[in-house]
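Just so you know, all these numbers are worked out from the coordinates, no wet-lab data involved. A quick note: this is a predicted structure, and the numbers were derived from the prediction, not measured. We place every Cβ from the backbone using ideal geometry, glycine too, and count neighbours over all the protein chains shown.
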Amino acid sequence: MMFRIASFLIWAVVAAAAVFWALRLAITPQAAPAYASVDQGLSVAGGDFAGLLGTTLVVEPELAQVAPPSQAHRFHLTGVVAPRSADSPQGLALIAIDGQPPKHFSVGSKIDGEWVLQSVGKRSASIGPAQGNALAVLELPAPPEPATGVLSASPMR
């Protein structure tokens, strides 16, 4: 009786392996669409690694007076809900900050620090200080071209 159970288990494993490899070799994965792109949002460790190697950083005085870079590169617009009229103070924007998942912000709401969503257009959002002009306009990327093609003639049976 023990030999029958062992034989059954061995043949079950052989059959499962045969089905697995048959499906693996027979089915080909679908190709990615032509408009698909690779996400380049990989974050790489940045900064000065000189301290790790035992050296000290020397800052020259003329280089220390450089103006701070704009903070607009931290924001990425992923979607908008714009009002029909351009002068309406309503609207929502989906904005990702520092590579985090996007969050929704309404016009006039505080985004990060002193940044406020000032206005929303059909494919853009303006951000800046609460009591000032827009310092940056975030634009949505252009939509991909529509996929066009010719239907293949299926053989009649």
**Request:** Within 10 Å, count the other beta carbons around each residue, average over each peptide in 130-143, 106-119, 21-34, and list them highest first.
**Result:** 106-119, 130-143, 21-34
**Message:** What is the sum of charges, Lys and Arg at +1 and Asp and Glu at -1, for the other residues whose Cβ falls under 13 Å from the Cβ of LEU77?
**Reply:** +3
